[in-house]
Amino acid sequence: MKGTFHELPLRRQREYRLLWSARTVSITGSEVSRLAVPLTAVTLLAAAPIEMGLLTAAASLPALLFGLQAGAIADRLRRHRPLMIGCELAAAGAALTVPAAWVLGLLTVPWLIAVALVIGTAGVLFRAANFPYTAAAVPPGQRTEALAGFQASYSVASVTGPGLAGALVQLLTAPFAVLVEGLSFLGSALLLRAMRTPEDHTPAAPKGLWREVREGLRASLTTPTLRALLGAGTTVNFFFTASNAVYLLYAVQDLGLSGGLLGALIAISGAGGLLGAWATTRMARRFGEDKVLRYSILLFPLDLVVVATVSGPVWTVFAALAATGLIIGGAVVAFATCVGTVVLRDAPEHLRGRINATMTFAIQGVIAVGSVVGGVLGELIGLRETIWLSAAGAALSILWIWRSPFRPTRPRPLPTVPGDAALSKAMRDLSLHKSQPLV
């Protein structure tokens, strides 16, 4: 039975299909709420600018407050799936209060902020548990393909979610569009409940929460490959988000792009992510994850350089940005997928949750800082100059990988099956047009 499990293509493995479907459903619902929740605050509750700022911050605050602790909690568990199901149910309950409170006349902006905090906290705990659970649900030789499938889910959701949200807001009004998010979390919980993957994880011995957190930090900083991934991801996310802070203003004022063309560029970048997810498994099987990491990161500054240098008629500008967006969308997904595979490969089993949480904490944490720095630089030195500086900074991420122990070694042979193909997220879809963490 176990041997058959290893030989089956992922698309024919019931457990992976359920896990992939759960993530896809949940992510799509979350993308819908990214538009529906702020629209509810603005159009129906007349939210003030400070309230909108708090609402926006509430979504990412739990990652900074609880991200490291969540990893320690995950490593203490013998079974991760019950926590994942509980997180999805908690998030569903919080989201479903929005339309109910609107009907009862109780909905306020503080209510929405509280809902965002609950959902964000549940998401932090879910991701911390999901990473080691994926190691149990997917054979080692197929983890790159599995992570590529998750990356594809994020790419599709990031492109289709806002459009679906707009249609639902028009059809149902904004508070009831949030209902879709609640139902998506509920659907994800039911799909996870149907899984039967046995977990034999040996829980880490409790040593005190902060001592356990320090162990994860120490392992992330002292293991050469993990340190390189942490440095590269933090560097590129900081400078990409700095450029994002001024990109829309620059694209509209200096490049003359309309809202419709900007939306099309996002869709093209998502299509590049899908192609990247499809190609990553094949490239990793042929060349190895280390080599894919080394060469995909070389492309990261390309998008920013093109944005800073392109000029001419609008359609020339659009064509250049579309071409680079397609390339970078694929490169980012290839890099992010191999990051996950390498972390699963090189992190000690009893530290996987903490190491993943450490990377998520650092790589997401710099987003807020990078956005502020980019806005300040835009005021001080100009929009185009800020993008040039961001391109130079993003290029520093190359040094982290190329000066690390990653070497283009011959990959380990993987089981192949005629007709095997990746189920075409992430980390995240990091492009100039929509910043998302690599991990």
Worksheet item: Just from its helices, what would the mean residue ellipticity at 222 nm be for the chain, if runs of 4 or more DSSP H residues each count -39500 (n - 2.57) and the sum is divided by every residue, rounded to the nearest 500 deg cm²/dmol?
Response: -27000 deg cm²/dmol
Worksheet, complete the sentence: Dipole check, segment 282-392, charges on Cβ (K,R +1; D,E -1), about Cα centroid: among VAL332, PHE287, LEU302 the Cα furthest to the positive pole belongs to PHE287
Practice prompt. Return the carbon/sulfur percentage of the accessible area of the chain, one whole number, probe 1.4 Å, all protein chains in place.
Written response: 68 percent
Item to complete: For segment 135-188 and segment 376-390, compute the distance between their C-alpha centroids and round to whole Å.
Response: 34 Å
Item to complete: Please give the per residue accessible area of segment 1-111, computed with a probe of 1.4 Å over protein heavy atoms only, in Å².
Response: 48 Å²
Worksheet entry | Within segment 65-105, trypsin sites (Lys or Arg not before Pro) in DSSP loop having at most 10 other beta-carbon neighbours inside 10 Å | ARG78
Worksheet item: What is the magnitude of the charge dipole of the chain about its Cα centre, with +1 placed on the Cβ of each Lys and Arg, -1 on the Cβ of each Asp and Glu, and no other charges, expressed in debye to the nearest 20?
Response: 1500 debye
Discussion item. I'd like to know which of SER220, GLY256, TRP388 lies farthest towards the positive end of the charge dipole of the chain, counting +1 on Cβ of Lys and Arg and -1 on Cβ of Asp and Glu.
Written reply: SER220
Worksheet item: For segment 276-363, rounded, prolate or oblate, judged on the Cα gyration tensor with a ≥ b ≥ c (square roots of eigenvalues), a/c < 1.5 rounded, else prolate if a/b > b/c?
Response: prolate
Worksheet item: With the other protein chains left in place, how much accessible area per residue, in square angstrom, belongs to segment 160-303 at a 1.4 angstrom probe?
Response: 43 Å²
Discussion item. Quick check for me: using +1 on Lys/Arg Cβ and -1 on Asp/Glu Cβ, what's the dipole size of segment 291-390 about its Cα centre, in debye to the nearest 20?
Written reply: 320 debye
Item to complete: Any chance you could check the Cα centroid distance between segment 64-117 and segment 236-269 for me, in angstrom?
Response: 31 Å
Worksheet item: Rounded if a/c is under 1.5, else prolate if a/b is larger than b/c, else oblate: which is segment 94-252, with a ≥ b ≥ c the root eigenvalues of its Cα gyration tensor?
Response: prolate
Worksheet item: Treating the beta-carbon of each Lys and Arg as +1 and of each Asp and Glu as -1, no other charges, what is the dipole magnitude of segment 40-162 about its Cα centre, to the nearest 20 debye?
Response: 400 debye
Practice prompt. May I ask which residue of LEU171, GLY182, LEU55 lies farthest towards the positive end of the charge dipole of the chain, with charges of +1 (Lys, Arg) and -1 (Asp, Glu) on Cβ and the Cα centre as origin?
Written response: GLY182
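The values are calculated or read from the model by the stated rules, or taken from the named source; none is laboratory data. Every value quoted in this text rests on a predicted model; they were computed, and no experiment measured them. A quick note on method: Cβ atoms are made from the backbone with ideal geometry, for glycine too, and the neighbour counts reach across all protein chains shown. All accessible areas refer to the heavy atoms of the entire protein, side chains included, with ligands and DNA or RNA removed. Shrake-Rupley method; radii C 1.70, N 1.55, O 1.52, S 1.80 Å.
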